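Read through the structure below, which is laid out as structure tokens, and then see the notes.
Since every read-out is calculated from the coordinates, none of them should be taken as a lab result. Model, not experiment: these values are computed from the prediction. Reconstructed Cβ throughout: ideal geometry from the backbone, glycine too, with neighbour counts over all protein chains shown.
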Amino acid sequence: MNDATELLLSLLVLAGAIFTFIGSFGLARLDDFYTRLHGPTKATTLGVGSLLIASATYFSVTGDSLSLHEVLVALFLFITAPVSAHLLAKAALHQRLTSLAPLPENAENRPGDALPAAPPSRAEPDTRGEIPNTPGGAHDTSLRERGT
Amino acid sequence: MKRLLPHPLLTPMLALVWLLLNNSVAPGQIVLGLLLGWAIPVFTLPFWPEQVRIRHPRTLLRFAGVVLFDILVANLKVAWLILVRGRHLRPAFVVVSLDVRHDLAISALANTICLTPGTVSARLSEDRKSLLVHALDADDHAELVATIKSRYEAPLKEIFEC
């Protein structure tokens, strides 16, 4: 391996490390759940991408044949990262996490929601109070039925 | 024909993935890859009955190029936003009304939105007519929606529909 390749590889690994770090740093620095989602899903793709290019180059140069495992890793990463980001965002909306951005109106009335009329986030203590009541009530009736 | 080879595109793709997994192009591996590429679509047919058709391969290639370039830009932009703007971002939810109807096109669009500049797709509405998108730093909401529609949705519509 000559000096030029070594320099290129070092730069790639360094860039990869920096971008991965920025992505994780975003998690700590940003303020709400939704903006935090952006750091790990975006900045890390480039970070992992350059690490993978470095890995492929290194093993192709030093090994006896072309190494292309890394293409697959990148492919799977590009398929799975958006799906997990989407599901996290969806779960956050369902939980009505507080957001810096105003939630759009049609996000409020979702079919399949237990309490469609509840105002966002403030209703949480109320819902928590109601949850133990419902199974308790069901339990009571079942006991009564069993008794009769 | 349809029962023997339900997804003609999936077979070579699975064979290619098999070769990449093994990191080899030995004739034996090619045969095994093709065999798996034939068997897996046949056995998973109940989960995926609809055949995928790609109408404009050239548009698909150009779209892939645009998306790769945007991923690069997105990474630099998000890194910049995190480091410099930090706590002075203008995050926003925008609703993108969808023109595409095909399931695969919608999921490809949602995936693309998640991969590109400062946007994460958050929810598909029940009637599949609009997609809720969260943007990290949105200046002009209408412009953001217009960019998503023209840059990503239009080519996807061309590729998967008519």
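Region B:96-143 and region A:7-55 have Cα centres lying 23 Å from one another. Provide the net charge surrounding B:T59, with neighbours chosen by a C-beta distance below 11 Å and charges set as Lys +1, Arg +1, Asp -1, Glu -1. Summing Lys and Arg as +1 and Asp and Glu as -1 gives +3.
Using the alpha-carbon positions of region A:3-103, Rg (one decimal) and Dmax (whole number) come out as 17.1, 56 Å. Listed from fewest to most Cβ neighbours within 10 Å, the set B:D137, B:D103, A:D3, B:D70 follows the order A:D3, B:D103, B:D70, B:D137. Under a Cβ-Cβ cut-off of 13 Å, what is the net charge of the residues other than B:D70 that fall near it, where Lys and Arg count +1 and Asp and Glu count -1? Once positives and negatives cancel, what remains is +4.
Residues within the reach of a label modelled at B:W80 (point 7 angstrom out along Cα to beta-carbon, backbone nitrogen below 14 Å), restricted to region B:123-162, are B:137-139. Taking the number of Cβ atoms within 10 Å of each Cβ as an exposure proxy, the fewest-first ranking of A:L52, B:L68 is B:L68, A:L52.
Could you tell me whether region B:61-111 comes out rounded, prolate or oblate from its Cα gyration tensor? Rule is a ≥ b ≥ c as square roots of the eigenvalues, rounded for a/c under 1.5, then prolate if a/b exceeds b/c, otherwise oblate. Here region B:61-111 falls in the oblate category. Inter-chain Cβ neighbour count for B:12-18, averaged per residue, equals 1 (cutoff 10 Å, partner chain atoms only).
Calculate the tail of P(r) for region B:24-122: the fraction of all Cα-Cα distances greater than 15 Å, expressed in %. That fraction is 77 percent.
Helical runs assigned H by DSSP (4 residues or longer) give chain B a calculated mean residue ellipticity at 222 nm of -16000 deg cm²/dmol, each run adding -39500 (n - 2.57) before division by the residue total.
Neighbour counts of C-beta atoms inside 10 Å place A:T98, A:T35, B:T112 in the sequence A:T98, B:T112, A:T35, starting with the fewest. Hey, which of these cross-link pairs are over 20 Å Cα-Cα: A:K42/B:K77; A:K42/A:K90; A:K90/B:K77; A:K42/B:K129; A:K42/B:K157? A:K90/B:K77; A:K42/B:K129; A:K42/B:K157, as the Cα separations exceed 20 Å there.
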